[in-house]
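Working notes, beginning with the structure itself.
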Amino acid sequence: MISDQMSDALNDQMNAELYSAYLYLSMAAYFASINLPGFANWMRVQRLEELTHAMKFYDYLIDSGARVRLKQIDTPPTEWGSPLEVAETVLAHERKVTGRIHKLVDLAIEEKDHATNAFLQWFVNEQVEEEASADAMVQSIRRIGDAPGGIFMLDREMGQRVFNPMPAGIHGGVG
Ligand code: FEO
């Protein structure tokens, strides 16, 4: 059984993961609007990853005997100035998420809630990857600079990304 405070904090994080999915879906729509379907694909895949993150919190709450409480999801921005601005926003956002996950771990330690701490370690590791892939996107866009056609070559690369559902635990995938 987890504490009420932990239950609230995990429900908030589930909401934050759903917001991430919403933010990346909005970015996918932005990229579609500027004819970069590969970037749009990358964002759509990222959105699916965020949904799996949200569902991990959902399932953990239920498995812990706590209530899932869905809340309103904030409206994400819809416009950005350039692909680089989007990538920088993703990186800043993922850094913020990492901070949130670390705060949850701090709370688990404070409450001597070993089960939740163990559950959260998956997210601690995942955030290292999330920041690395966002940073890679920022670096790639910076590298091509104003090279003619560079963004379209990168777009083709971004179009290769496919969604890999979570390795099966008891609860895999987005459902
Ligand atoms: Fe759910 Fe992008 O971290």
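The values are calculated or read from the model by the stated rules, or taken from the named source; none is laboratory data. Note that the coordinates shown come from a computational prediction; the quantities given were computed from them, not determined experimentally. With ideal geometry, Cβ positions are generated from the backbone for all residues, glycine too; neighbour counts draw on all protein chains shown.
Restricting GLU131, GLU94 to residues that are within 14 Å of the ligand (Cβ to nearest atom) and within 14 Å of GLN13 (Cα to Cα) narrows the list to GLU94. In the set VAL97, VAL174, only one residue is buried (at least 16 other Cβ atoms within 10 Å of the Cβ) and at pLDDT below 95; that residue is VAL174. Considering only region 1-29, how many residues are more than 16 Å from the ligand (Cβ to nearest atom) and either among the aliphatic types (A, V, I, L, M) or surrounded by fewer than 19 Cβ atoms within 10 Å (Cβ to Cβ) (or both)? Adding up the residues that qualify gives 8.
Among the criteria (1) within 27 Å of PRO37 (Cβ to Cβ); (2) among the aliphatic types (A, V, I, L, M); (3) part of a helix (DSSP H, G or I), the one LEU61 does not fulfil is (1). Counting only residues that are under 28 Å from ARG142 (Cα atoms) and of a type in the set (Ser, Thr, Tyr), region 74-129 holds 4 of them. Quick one: would you say PHE39 is more than 26 Å from LEU120 (Cα to Cα), in contact (Cβ under 8 Å) with a residue 60 or more places away in the chain and more than 12 Å from the ligand (Cβ to nearest atom)? Spelling it out, PHE39 is indeed more than 26 Å from LEU120 (Cα to Cα), in contact (Cβ under 8 Å) with a residue 60 or more places away in the chain and more than 12 Å from the ligand (Cβ to nearest atom). Screening ILE2 on (1) in a helix (DSSP H, G or I); (2) farther than 20 Å from ASN164 by Cα; (3) of a type outside the set (Lys, Arg) shows it passes everything except condition (1). Every test in (1) away from the ligand (no atom under 16 Å from the Cβ); (2) farther than 30 Å from ALA118 by Cβ; (3) outside any loop (DSSP other than H, G, I, E, B); (4) touching a residue at least 24 places away in the same chain (Cβ under 8 Å) is passed by TRP80 save one, and that test is (3).
So which pairs qualify, if the first residue must be in region 52-63 and at pLDDT 95 or above and within 9 Å of the ligand (Cβ to nearest atom), the second must be part of a helix (DSSP H, G or I) and not hydrophobic (A, V, I, L, M, F, W, C), the Cβ gap must be under 7 Å, and the two must be at least 6 apart or on different chains? Within 7 Å, the pairs are HIS53/GLU17; ALA54/GLU17.
Specify which of the listed residues (ILE151, ILE73, ILE144) is away from the ligand (no atom under 13 Å from the Cβ), free of Cβ contacts under 8 Å to residues at least 24 places away in the same chain and either within 22 Å of ALA21 (Cβ to Cβ) or out of contact with any Phe, Trp or Tyr (no Cβ under 8 Å at 6 or more places or on another chain) (or both). I'd like the intermediate steps shown before the answer.
Values: ILE151 fails: free of Cβ contacts under 8 Å to residues at least 24 places away in the same chain; ILE73 fails: free of Cβ contacts under 8 Å to residues at least 24 places away in the same chain.
ILE144 is the lone residue from the list that is away from the ligand (no atom under 13 Å from the Cβ), free of Cβ contacts under 8 Å to residues at least 24 places away in the same chain and either within 22 Å of ALA21 (Cβ to Cβ) or out of contact with any Phe, Trp or Tyr (no Cβ under 8 Å at 6 or more places or on another chain) (or both).
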